[in-house]
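The values are calculated or read from the model by the stated rules, or taken from the named source; none is laboratory data. Computed from a predicted structure; not experimentally measured. Cβ: placed from backbone, ideal geometry, glycine included. Neighbour counts: every protein chain shown. Just the protein is used for accessible areas: all its heavy atoms, side chains included, with ligands, DNA and RNA removed. Shrake-Rupley method; radii C 1.70, N 1.55, O 1.52, S 1.80 Å.
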Amino acid sequence: MKKKEINASHTPLYREAGFNLQNSKRTQEAFAAELNHAHEPDDYIYSRYRNPTVVAVEKQIMELEECNWALLVETGMAAIDVAVSVFQKGAATRPWLFFHEIYGGTNSFIDTVLIKRRNLDVHRFYAKEGLYDFVELERMLAEIQPEFLYFEAVSNPMLIVADVKRIMELAKQYSAKIIVDNTFGTPYLWKPLLDGADLVIHSATKYLSGHGNITAGVICGNDEELMKEAIEYRKWAGHFLSPDDAYRLGTQVKSFELRFRKHCENAMELAEYLENHPKIGEVLYPGLESHPTRKEAVVLFGDKGFGGMLTFDIKGISDEDKREKCNRFIAALEDTIPLVPTLGEVDTILLPVEPVWGAKYPLPGVIRLSVGIENIEKLKGWIGEALDNL
């Protein structure tokens with residue numbers, strides 16, 4: 001397919017697996033040009049390489065991130081795979097350093113793929129009592145000399161907000177590339193590439209889509225050589241987002257900023273409500289004065305908001321009492337706030353921490369809440385009624 005101007009008010013949906021190259025000369029030219037790994041080729045060849053619908057939605061995300069390129073893939077995990085794999089160079093690969101306070105699926109990917117199957121030299125930097133020790137981080141960077149440092153702006157599920165400027169300064173001091181998973185922060189609150197990150201990833205399944213009906217991931221960057229490496233790896237690993245999912249994602253991205261602003265507003269009001277409720281213990285939300293990393297959140301996010309996620313603890317006289325109350329609370333909300341193992345949807349959903357993160361966070365009364373964009377009084381009413389009946 002040759003690029004052409006089309007008089008359409010919406011992005012066209014191209015479902016072609018392969019595109020008509022018409023003759024041998026054009027075919028030869030297209031495959032020769034493909035070796036340059038352009039983000040938007042003059043001739044489209046095959047949708048696993050590039051697809052015009054997918055590229056159009058990538059451009060939408062580039063505007064959100066204010067970056068030079070974005071590449072869509074089929075899941076957030078695929079985005080992680082692409083982002084780290086461009087730094088794998090066979091025997092010449094230096095060690096990789098990950099923060100431990102990251103998505104559990106990423107930690108499992110590290111253990112089962114990067115270490116068990118690829119035999120890579122991977123290290124982890126651990127938080128201490130919910131805070132990051134930068135003396136220890138610098139010691140590890142100096143000792144390991146990693147290829148890259150990987151972290152999340154806001155951790156899951158304890159919502160630790162990182163001092164990203166300090167982290168990135170240290171990484172650059174030791175010539176480590178910087179990969180940021182900004183799924184929780186989103187480009188609404190922070191654009192890591194503007195502050196010097198090398199790659200940013202999102203599970204676009206979450207806030208960028210926001211409707212719980214697409215799985216997708218995206219890798220964003222500015223460096224052209226990293227883009228070419230990522231395009232090449234995506235192509236041969238088969239990390240391809242379908243044109244149909246890209247098309248739907250493109251329609252949802254248009255409302256992203258409007259939606260996320262409401263997520264932040266609702267989460268802040270709900271966090272304040274819960275913090276003052278007699279049946280709630282600790283509430284973790286970066287916008288609250290009580291949060292251990294509120295200062296970092298204010299520096300990073302300014303007055304834009306503090307995200308749509310909050311974590312809270314139901315009071316109980318014992319672990320078993322907390323566990324029983326947590327179960328009753330979840331059951332009481334089944335018709336209004338369901339238990340769904342994802343986040344970032346327009347509807348509020350919850351997840352108990354112990355069944356998911358029990359090995360790391362054995363906290364029987366703790367619930368992670370992905371706050372939606374519903375009427376806030378309704379949300380408080382549903383939650384308040386469930387708490388009052390405990």
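What residue among 336, 205, 186 has the largest mean-square fluctuation in a Gaussian network model of the chain, using Cα springs under 10 Å? Greatest mean-square fluctuation among the candidates belongs to 336. Rolling a 1.4 angstrom probe over the chain with all protein chains present gives an accessible area of which 49% lies on carbon and sulfur atoms.
What the phi angles of the stretch 264-269 give under the Karplus curve with 6.51, -1.76 and 1.60, with θ = phi - 60°, is a coupling list of 5, 4, 5, 5, 5, 5 Hz, glycine and proline written as x.
From the Cα gyration tensor of the stretch 90-207, with a ≥ b ≥ c the square roots of its eigenvalues, which class applies: rounded if a/c is under 1.5, or else prolate if a/b is larger than b/c, or else oblate?
Values: a/c = 1.42, a/b = 1.18, b/c = 1.20.
Rounded is the answer for the stretch 90-207, as its axis ratio a/c remains below 1.5.
Placing unit charges on each Cβ (+1 for Lys and Arg, -1 for Asp and Glu) gives the chain a dipole about its Cα centre, and among 182, 55, 256 the Cα reaching farthest toward its positive end belongs to 55. Rounded to whole numbers, the Karplus 3J(HN,Hα) couplings from phi for the stretch 35-42 are 5, 7, 6, 5, 5, 10, x, 5 Hz, using 6.51 cos²θ - 1.76 cosθ + 1.60 with θ = phi - 60°, and x at Gly and Pro.
Where Lys and Arg each count +1 and Asp and Glu each count -1, what net charge lies around residue 296 among other residues with Cβ under 10 Å from its Cβ?
Values: positive: 165, 166, 294, 295; negative: 163.
Residues close to residue 296 contribute a combined charge of +3.
Residues whose amide H comes within less than 5 Å of that of residue 101, counting only those at least five positions distant or on another chain, are 127 (H built at 1.01 Å from N in the peptide plane). Need the C-alpha centroid separation for the stretch 243-306 versus the stretch 60-123, integer Å. Centre-to-centre (Cα) distance: 25 Å.
Site-free segments of the chain were taken between GluC sites (Glu not before Pro) in DSSP loops having at most 10 other Cβ atoms within 10 Å, sites themselves excluded; the longest one is 130-288. Taking the longest Cα principal axis of the chain as reference, the axis of helix 376-388 is set at about 50 degrees. Each of 173, 36, 305 was scored by the projection of its Cα onto the charge dipole of the chain, and the greatest displacement toward the positive side belongs to 36; charges sit on the C-beta of Lys, Arg, Asp and Glu. Please work out the Cα center distance from the stretch 327-390 to the stretch 11-40, rounded to the nearest Å. Measuring centre to centre over Cα atoms gives 48 Å. Once phi is turned into ³J(HN,Hα) by the Karplus curve 6.51 cos²θ - 1.76 cosθ + 1.60 with θ = phi - 60°, what whole-Hz value does each residue of the stretch 75-89 show in order, with x for glycine and proline? Per-residue couplings from phi come out as 8, x, 5, 5, 4, 4, 4, 4, 4, 7, 5, 5, 9, 8, 10 Hz. Judged by the gyration tensor of its Cα atoms, with axes a ≥ b ≥ c, the stretch 314-372 is oblate; a/c meets the 1.5 cut and b/c is at least as large as a/b.
Residues with amide H under 5 Å of residue 177's amide H, sequence separation 5 or more or different chain, H placed in the peptide plane at 1.01 Å from N; which? Result for residue 177 returns 148, 149. Taking every C-alpha pair closer than 8 Å and separated by at least 6 residues, the mean separation divided by the residue count of the chain gives a relative contact order of 16 percent. Highest GNM mean-square fluctuation among 170, 284, 35, for the chain modelled with Cα contacts below 10 Å: 35.
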